[in-house]
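Chemist: Below is one structure. I have some questions about it.
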Amino acid sequence: MTGVHIDPSRAPVAFGRLAIPELFAQLVEPDAARRLRALASLCDLTHDPERLYQVVTEGFLDQLEVLLKDGDPAVRTRTCELLHLITSHNIARQALLSSPLLARLSQLLDDPSPLCRTRAHRVINSLALLPAGANALQNLVPKLMLKLQEEKEEKEEEVQALLLSTLSCCSRLDAGPALSHRGVTLIGRKLSHACSNIRREAAGAMMALSVPVEGKRQVCEAAVLPILADLLQDQDVDVQANAAGKHQCLELDVLPVLLQLLSERKQDMEEEQRRKALVLYSLRALTSLAEAPDGRQRLLLQLPLLVGRSEPPEEDADIRRAARTAVNVVTWTP
C-alpha cells in the first residue's frame, strides 16, 4: 500500500474549522521552521474564501502583527505573502486598513531583506488600488517619495514599479502630498527608465499629478512634457496610453502624433481592444488642445477623422462618446 505523501514544507492541516485555529497556534512556536510551515499552509488555505472569512471574522488577522516583527526575515517575508493573498478579498482589505498591521507594513519598506521589502510593497499596492486604501495611505506618501529617490532601489525594478503604482493611486485621490514632496521631479526621472513597466507606471503617476492646476504648473516648469511626447512613440502600448493623457501644449507639436495614434487601426480585435485606453486618452488630449483657438483651427482640418470615430455603430461605445465630445469642442462657435 502506498504511503500518504506529506509535504515537509507545510504543516499538517486539521479537519474543518479547526484548521485555522491550530495553524495560528503554531505561529507562536519558538522554532522558526515550524512557524514557516504553518504560514505556508495558511497561504494554501486562504485561497478558500470560507477559510479567509474565518481568519478575518474570528480575530486571527491581528495576530500576524507579531510575525511582521519576527527576527527571521523568511518569516516576515512569508507573512507579507499571506497578507498579499488575503487582500485580494474586500473583507480582508477593510479589516487590514483598520488594524495595526498597516503601520507595521510601512516600516517593512526599510527591511534589510530585499525580498521582504518587495512583498511589503505588494501588500501596500494592493490596498492602494481601492479609494479607501489610497486615502489611508496618504500619510505614507512622503516616505514613498523618499524611497523613490534612494539609489539602492534602482536595481529593484519590481519595487520601483510598485512604488510608482501606489503613488499613482494615492495621487489620483489627492495629488497634494506628492506635489509638495518633489513628485513631478522625482517621478519625471523615471519616465526614461529602461524598464517599460517603470515607464508605464511613471507616466500614469505623472498623469495623476497633472490634474490640479499646481500640478500642471510644475509639469511645465520641470520640462517633463517633451519626455512625455517621446513616450507617445514608445514600443509599449500601455506606456503610450499613459503618456497620451498628458499633452495639453501645442508647442510640443504632439498634435500629428496624437492624430496618427487615433487613425491607426489593428486587424486583430484583441490588439485593438488593448489600444482602447490609448485611443481614449488621445481623444481627450485632442479635446483639450481644441479648447485653445489655435488648436481648434488646426483640428478643424482633421474633423473627418474625428467624425469617423464618432459615428460607426461598430466602433466602441466609449470611443464614440469621446470622439463626439472632441467634435463638439472643435466645431463650437462662441
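The values are calculated or read from the model by the stated rules, or taken from the named source; none is laboratory data. As the structure is a computational prediction, the values presented were derived from the model and not from experiment. All Cβ positions, glycine included, derive from the backbone under ideal geometry; neighbour counts span all protein chains shown. These accessible areas exclude ligands, DNA and RNA; they are computed on the full protein's heavy atoms, side chains included. Shrake-Rupley method; radii C 1.70, N 1.55, O 1.52, S 1.80 Å.
Chemist: Counting only heavy atoms of the protein chains, get the accessible area per residue of the chain (1.4 Å probe) and round it to a whole Å² value.
Modeler: Working: 16140 Å² over 334 residues.
Accessible area per residue: 48 Å².
Chemist: Let me ask something additional. Remind me, relative contact order of the chain in percent, using alpha carbon pairs under 8 angstrom and six or more residues apart?
Modeler: 8 percent
Chemist: Round to the nearest 0.05 the FRET efficiency obtained for GLN233 and ALA33 when R0 = 51 Å and r is the Cβ-Cβ distance.
Modeler: It comes out at approximately 0.45.
Chemist: Which residues make up the longest stretch of the chain that has no chymotrypsin sites (Phe, Trp or Tyr not before Pro) in a DSSP loop with at most 14 other Cβ atoms within 10 Å?
Modeler: 16-331
Chemist: On a 0 to 90 degree scale, rounded to 10, what angle separates helix 157-173 from the longest Cα axis of the chain?
Modeler: Helix 157-173 sits at roughly 70 degrees to that axis.
Chemist: Based on alpha-carbon atoms only, what is the radius of gyration of the chain relative to the globular estimate 2.2 N^0.38 Å?
Modeler: Here the answer is 1.21, to two decimals.
Chemist: Now, a different point. Can you give the angle from 0 to 90° between the axis of helix 32-45 and the longest principal axis of the chain, with both taken from C-alpha atoms, to the nearest 10?
Modeler: Helix 32-45 sits roughly 60 degrees off the main axis of the chain.
Chemist: So, one more: Working from Cα positions, state the angle (0 to 90°, nearest 10) between the long axis of helix 73-86 and the longest principal axis of the chain.
Modeler: It works out to around 60 degrees.
Chemist: If you look at just the Cα atoms of region 182-334, how large are its Rg and its Dmax in Å?
Modeler: Radius of gyration, then largest Cα-Cα span, for region 182-334: 15.3, 46 Å.
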